[in-house]
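Each remark here refers to the structure printed beneath this line.
The values are calculated or read from the model by the stated rules, or taken from the named source; none is laboratory data. Since this is a predicted model, take the numbers as computed values, not measurements. Reconstructed Cβ throughout: ideal geometry from the backbone, glycine too, with neighbour counts over all protein chains shown.
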Amino acid sequence: MKNQKSPYSATNPQKRIEKFPPILIGKHPDDDDFLASYGQTFVMLAAPPGTGKGVGMVIPNALTYPDSMVINDPKFENWHLTAGFRASCGQEVFRFSPEMLETHRWNPLSRLNRDPLFRLGDIKSMASVLFVPDNPKNASFFSASADIFTALVLYLMETPSLPLTLPQIYEISAQGMVLGEWAKKEMEARSQGDQPLSSECLREMNRMVSSSQSKTGWPITQDILNKRLSLYGEKTVAWAVSGDDIRFEDLRRKKMTVYFCVNEEALLKFGALMNLFYSQAIAANSAILPEHGGHHPDGTLIYQYQVLFLMDEFAVMGVIEKMKTALALTRGAGLRYLIIFQGKAQLRSDALYGFQGANGIMDAVHIEVVYAPGNIEAATEYSQRLGNTTVKVSNFSENYGEKRSRSRSSSDQARPLMLPQEVNELPYDKALIFVQATHKTPALKMLARKIFWYEEPVFQERVNLTLPSVPAGEINAIDSLIVPMNIHNPSVNVALAPPHDSEMDQEQQRR
């Protein structure tokens, strides 16, 4: 069969993306057809553990979505089952697995804009991802830690002899209480050498020196800084974030699949890194619309592929600031989202997005798939969403007077389409699907069947194909990833603060 000739050319270029790959959402309730969402649509699935999210949503989409994907894979299961098929389709396949030396590498600091006009804004955006307050009362300490991080990144940008990596940032920050004194001495030394620091860098480093002079605040700030950065002191993580195999800016240019793989027990540990990973991937693909990104010589768009972010265990990543606006603002950029989490209450908690913030994200999703929620409050919400149906109710009456008589009548009465307990007890193979109305289609509610990939011949023949290769790290090269910072100087008279646990307790009680 001959390939169909492209309708585009240099004189008749493609104006916009016209075809949108499907996202599988379930099976038809009565026949064997798959249900899929086309167009610039997003999907979310809320379901407790063990309800079949992986077998019903994650793996089927990884085996069918034809354009680029970024997949959160908390058990390596999706990698082992689907990566071989995606590679066999001609995709470039990457596995970011920071617990292992066998990993493709991604250096988040390499993606920062070096232009003096924009670099500070880029660094502060990254700092806001890494230093999200765990409690509003501690916001000022987290803000101070973010400021130190910003100063250190600027310093590395202006110090070519040191690697611009997160492990190197941790190497400097881990020196603790003498960090402020080091910053002061470094600024003095650089001002007298042939590589003076910029006024911008000096300003931010002076803020660090100023913060270090607070006997109560500085130990707390240092503790937050080092706890958030200590992950990058681990050897396998340091290796994973010190190279540039994965380039997010290529996701819409060519067909790629990137898996973020960690073991299930390490999910919480790597939550902040997942947050940064997805934040940067979304940002790298949302700034330029496809129609503004130029054309190939044959007239087709350079940014011609739709990227599906398959974000399993979404809540583990913490608050992804980018997601508060991404769903509303990135449709036109060619980004799609399949968000999976355990329940709406999880996202609505104060520890994450709060009630209004979570609703803002979920309201922007076009299609909601629901498995048995295992929670009567959630089941009540879905029952109300389904609305009512009309049923005929028969009434009988009997008169025992002089003229004994019987009568029967019926009336129409409203009844929930599904009672909360019926929603809560959905059979394992069933799912509710809510679809928002569009300008072409009405709103839709349906009781559908789940997909089980292992029961579908089309999926059985695609799983467990030969996996693509993953580069192995060099154990002997790990120690050379950072340049040791010997900033403990016994000749410097620095008064060290006492252990800060009691200081922190006193400060929190005062607040």
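Evaluating LEU335 against the criteria (1) under 24 Å from LEU447 (Cα atoms); (2) at pLDDT 95 or above; (3) not small (Gly, Ala, Ser) leaves one unmet condition, (1). Looking only at residues in region 316-344 that are over 11 Å from the mean Cα position of the chain (by Cα) and part of a strand (DSSP E or B), the one that is farthest from ASN424 (Cα to Cα) is LEU335.
Need the failing condition index for THR257 against (1) under 21 Å from the mean Cα position of the chain (by Cα); (2) among the β-branched types (Val, Ile, Thr); (3) not assigned by TED's automatic domain parsing to the domain that holds TYR278, just the number. Going through (1) under 21 Å from the mean Cα position of the chain (by Cα); (2) among the β-branched types (Val, Ile, Thr); (3) not assigned by TED's automatic domain parsing to the domain that holds TYR278 one by one, THR257 breaks only (3).
Within region 65-123, the set of residues being assigned by TED's automatic domain parsing to the domain that holds ASN285, in a loop (DSSP other than H, G, I, E, B) and among the aromatic types (Phe, Trp, Tyr) comprises TYR65, PHE76.
Considering each of ALA151, ALA87, ALA144 in turn, give the residue that is touching a Lys or Arg at 6+ places or on another chain (Cβ under 7 Å) and hydrophobic (A, V, I, L, M, F, W, C).
Numbers: ALA87 fails: touching a Lys or Arg at 6+ places or on another chain (Cβ under 7 Å); ALA144 fails: touching a Lys or Arg at 6+ places or on another chain (Cβ under 7 Å).
Of the residues listed, the single one that is touching a Lys or Arg at 6+ places or on another chain (Cβ under 7 Å) and hydrophobic (A, V, I, L, M, F, W, C) is ALA151.
The requirement of being at pLDDT below 95 and not assigned by TED's automatic domain parsing to the domain that holds LYS124 is satisfied by LEU268.
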